[in-house]
Amino acid sequence: MGVHSASELVLAGLDPEQRAAVTAPAGPVCVLAGAGTGKTRAVTSRIAHRALTGEVSPRHVLAVTFTARAAAEMRARLTALGAQGVQARTFHAAALRQVRYFAPRLLAGRAMPELLDSKARVVTLAAARVGLRTDRAAARDLAGEIEWAKSSLVEPGEYVVAAAKALRDTPHEPAKVAEVFAAYERLKRSNGVIDFEDMLRAAVWGIEEHPDVAEQVRGQYRHFVVDEYQDVNPLQQRLLEAWLGGRDDVTVVGDASQTIYSFTGATSAYLVDFPRRHRGATVVRLVRDYRSTPQVVGLANAVISQARGTEARLRLELRGQRPTGPEPELRIFTDEPAEAAAVATRCRALVDAGTPAREIAVLFRTNAQSEAYEKALTDAEVPYVVQGAERFFERVEVRQAMVALRAATRSIPGETPLRVAVVEGLSAVGWAPDTAPAGGAARERWEALAALVQLAEEYAASPPVLLIGEAAAVERPVTLADFNDELARRVAQQHVPTVEGVTLASLHSAKGLEWDAVFLVGLSEGTLPTTYARTAEQVEEERRLLYVGITRAREWLWLSYAVARSPGGRARRPSRFLPQLDRSGGGTERAGTATAGAGAAKRAERRRPQVVSCRICGATLLSGPDRKLGRCPTCPSDIDQGLYERLHDWRARVAGAQKVPAYVVFTDATLVALAERRPGRPEELIAIAGIGPRKLGLYGELVLALVGGAAVDDVCPEKTFEIEP
């Protein structure tokens, strides 16, 4: 195959926007690629096309991304396209390779320092040096704060001011964190080790301070591609600029609406400002979504269309390219156990219907939410895999808590109420109610142990234990020993095969992945957005998290929240990001302003749909067709087929007599609702959505007769159904 035909083959099958990205001229190119729009195909095709046409040499191209998985996929695609020799690596892998290569020259023969796999151990020692005792969770939070500072090019002496400016939710008083940071840096130097941020800085230093190194690196790499550009941090951007050395042959690919890692120092500012910093840059927008159905795409657009702030300037409106699919479902449950049980039941039904378990995901805001779904899936005998987190009962803090609870049985009287006993037992590992600490990892630890307390409350509310004696069965309350036995049973039950399992994942760890069916759960205020999102920017990032979750679904999407955390608990509101699914028009409602007046408020209240529950599973129904049927679309139908056929025949006769389309009399959904619900009285008839007073007057008596068993000929004598003007 000739070079020309090979390059043309690369272009085959690309849509117009992808082709524009591939064939853009040399120089700065910014590809704004929405979720599911084929960005990896576009960027690898651009590299291959330039290589096959002789515009670039593959060995002079460096493509960088953020995960080893993404880099491996890029290399595989480039090889398949005939562009062998391109270096596709993560930022860290590319920097490590260069630092190791130039170490003899930069270190004057000294050995390269050892690279730390984790900061936690050194951070723990550093904290102790400044008089701060830490457990594993606190050490992780401090390590994360140090990582943010170093990625943001902040030195220990600058940390207090920088943290205040960035509105950081610090795990300790900022001045104390700065002391730990400084001690951490001293300990690393004295032990001859470096961390990943040091490695990136060493790569920058080698290029910026050593002209011979800069010349060799820039001679090797002349053309650059950066994937997920919305996720770069200041340190990575500094390294990219060092590689470029003032040149501008760089292609960046990103989506500002998927900026969800700002807590690590990542910022979309470089993507947003790219056209300004690179005058004359080619900007291409990829908006054709090949991943998700138009229904999923429509919901994603509805959610992100409300976004505000810097990232919203580059908001993309996706256009679904797949065949039509089911409408996304929004479900409301009385409490979290009911929500988890319903999710597990639906997962079981999907698997039984042929959907591979690996093509199903349950996504939540925090890892601490996973335990309820692990239990529910176990009870439903559905295998699962926890993505990006330890299984609940394998977490260190949970194992320690279970040891403490077993030990507490020796000191806590058996008659102590179970919740009180569990809280007292957990005090041995430093847990106390109503004291959720700052810092992500510490909060997750607290919430995981709070879940044990919640579990104890649920267990205590279960039927009492019976002691069978010679005379009679004697009731007694559950004890801490009983609860420990229950925990052991739950641990044993969760040892299920994970090769083929439903994925349980946080929204952050789901980024870059996709499934046929996605459950987005726990969508209530205080969880998404989290209560710790205090600024407008933080709230907008929470909105983008939901957008990312929605766009993980290919075909089937479920969104749900529980009114209360536990049965009878305090009521919560649904997430502010959810569209108002009263659904007759399919659009979103915006709340009126305070100046609209009392009249407008009353009109809005009248328009608010009444709460309608599924008569089979009990979930709240919000879509128009579901409310009309009185059940979820996936709950089993109990339709009276004979009645439906009589109603269908009757409707056709009436419509013919009135010379109107059949749906003007009753829609198909109304006929199904009548045949399923079989109303016996006028008030039951008018309760069906779509049957108002006018239609009740026109057709009510006849419909009730049909429901009662009358034949169509009996209710349709030879007369014309004329509607008076």
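The values are calculated or read from the model by the stated rules, or taken from the named source; none is laboratory data. A quick note: this is a predicted structure, and the numbers were derived from the prediction, not measured. For neighbour counting, all protein chains shown are included, and Cβ atoms are generated from backbone atoms with ideal geometry for every residue, glycine included. Note: accessible area is taken over every heavy atom of the protein model, side chains too, but ligands, DNA and RNA are not part of it. Shrake-Rupley method; radii C 1.70, N 1.55, O 1.52, S 1.80 Å.
Taking the accessible area of the stretch 266-355, probe 1.4 Å, and keeping the other protein chains in place, the carbon and sulfur fraction comes to 50%. Segment Ser566..Ala407, full-extension length gain: 54.5 nm, with 0.36 nm per residue of separation and the alpha-carbon distance subtracted.
Starting from the Cα of Glu55, move 7 Å in the Cα-to-Cβ direction to define the label point; list residues of the stretch 248-292 whose amide nitrogen is under 16 Å from there. Flagged as within label range: 248-253, 281-285.
Highest mean packing comes first when the peptides 664-672, 676-684 are listed by Cβ atoms within 10 Å, giving 664-672, 676-684. One Cα centroid belongs to the stretch 93-161, the other to the stretch 242-303; the line between them spans 29 Å.
Note on the stretch 64-218: with neighbouring protein chains present and a 1.4 Å probe, carbon and sulfur make up 54 percent of its accessible heavy-atom surface. First measure r as the distance between the Cβ atoms of Leu698 and Glu317, then evaluate 1/(1 + (r/R0)^6) with R0 = 25 Å and state the FRET efficiency to the nearest 0.05. FRET efficiency, Leu698 to Glu317: 0.05. Net charge of the neighbourhood of Thr259, taken over other residues with C-beta under 13 Å away and scored Lys/Arg +1, Asp/Glu -1, is -3. What FRET efficiency would be calculated for the residue pair Ala536, Ala711, taking the C-beta separation as r and a Förster radius of 45 Å, to the nearest 0.05? It comes out at approximately 0.10. Give the shape of the chain as rounded, prolate or oblate, defined through the alpha-carbon gyration tensor: a ≥ b ≥ c are the square roots of its eigenvalues, a/c under 1.5 means rounded, and otherwise the shape is prolate if a/b is larger than b/c and oblate if not. Oblate, since a/c reaches 1.5 and b/c is not below a/b.
Over the chain, accessible surface divided per residue gives 46 Å², non-protein components excluded, 1.4 Å probe.
A simple spin-label model places the labels of Arg308 and Arg653 5.9 nm from each other, with each point 7 Å out along Cα-to-Cβ.
Remark: for residue pairs Lys659/Lys695; Lys188/Lys511; Lys39/Lys165; Lys165/Lys511, the C-alpha separation exceeds 25 Å in Lys188/Lys511; Lys39/Lys165; Lys165/Lys511.
Were the residues from Glu684 through Ser427 laid out at 0.36 nm apart, the gain over their Cα-Cα distance would be 86.9 nm.
In a fully extended conformation the segment linking Thr416 and Ala353 would gain 18.0 nm over its present Cα-Cα distance, using 0.36 nm per residue.
Applying 1/(1 + (r/R0)^6) with R0 = 30 Å to the Cβ-Cβ distance of Asp15 and Ala80 gives a FRET efficiency near 0.95.
Peptides 85-98, 26-39 ranked from most to least packed by the mean count of surrounding Cβ atoms within 10 Å: 26-39, 85-98. Here the spin labels are modelled as points 7 Å beyond Cα on the Cα-Cβ line, and at Asp135 and Glu155 they lie 3.6 nm apart.
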